[in-house]
Structure formats: structure tokens, C-alpha cells
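Where a number appears in this text, it was derived from the coordinates with a stated rule and is not lab data. It should be emphasised that the depicted structure is a prediction, and the values quoted were computed from it without experimental measurement. Heads up, the Cβs are rebuilt from the backbone with ideal geometry, glycines too, and the neighbour counts pull from every protein chain shown.
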Amino acid sequence: MKRSHLQILLFSFLLMSCGGVSAGAQPDEPGFIVITKNPDDQVGLEFENGTSLIDIQSPTGIGSAAFELESDTMPGNMILRLHLKGLEEFRLKSAQHEISAAVSGGEIENQTILLSGTESPLLPGHPLWMEIQPGEGYFDITVPQEFIRNAGKMFEIEWIDFYR
């Protein structure tokens, strides 16, 4: 993954402006280092009542972001808010799991998991099923507890908007 000098400088400035605490985190809250593939994509982090809200603005509608945990433990709950008009494809990846989903017309079209190089369907009720709720101009994706427990300190997301 490319890291431009400008992104690193901007990130360093953001960290300094937060008084040495990572973006979106207080001293006792989970903090992440975030690297986006597209420099125009913006990621905001909020933490409230045990839940991390990761807010993603993607002007091109196609992108990815890598998250590395700075604190000792992952948050208890995570919601990814993608500001997109549609969700042709979404991928949630860690060293343990790769889950993908597609949403068409506001309804979840399908979800799959990649195991040993083979994609298999996921059904509601599976521990890695992602709850996806469309909002006005965005999608809220609840990261499954099973994924959070097994992700370790790093995970990545990728997205493609239907309407680019």
C-alpha cells in the first residue's frame, strides 16, 4: 500500500493537534492508525458507550482503508458508516476472515466468506453475518462480534459504490 509523504505529514499534524492521542480517541478509548488508498477519502473516528463509529467519506465511491489498532484491545462494538449512494461491493478483511457483501435497492443481495480460497455464502444468523442498514446517503455496517474478537490488531475494508 502506498503511503505518500503528504499523508504521513497530515496524519502527524493531526496526531499532534490531538495532544498525542490518536484521532478520535481519548486516553481510555481504542485508537486506530488509518491509511486510505485514495487521498481524497476521509475517515472520522468517534467512540461512545463502548462503540466505535468509523465514518467514511469517499468522493470517488471506490476505495479502501487499512486500520491498525494503537490501543491494547479492539472496541467492543464497531459500526462502519460509508457515505455512498449504493453498495455494489463491500469487503471486510483480517488475517483470519474475509467477508463480502452487496446491497441492491436497499436490501442485502448477498454475503459471502472466503475460506481457503473458496467463497461460500453467509446466511443471517452466522456469527460473521454483517448487519447493513441503509440511511439517507449512507450505509451503516455493524462489524460482527466474531470478526472483532479474531481480527487481532489490524483489519481492512474495501468498497465500491453502484453510482460512481
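Within region 92-134, track down each residue that is in a loop (DSSP other than H, G, I, E, B), surrounded by fewer than 18 Cβ atoms within 10 Å (Cβ to Cβ) and free of Cβ contacts under 8 Å to residues at least 24 places away in the same chain. Matches in region 92-134: Gly105, Ser116, Gly117, Leu123, Pro124, Gly125, His126, Pro127. Cβ-Cβ contacts under 6 Å between residues 6 or more apart (or on different chains), taken from a first residue in region 64-77 that is more than 14 Å from Glu29 (Cα to Cα) to a second residue that is assigned to a strand (DSSP E or B) and of a type in the set (Phe, Trp, Tyr), are listed as Phe67/Phe32; Phe67/Phe155.
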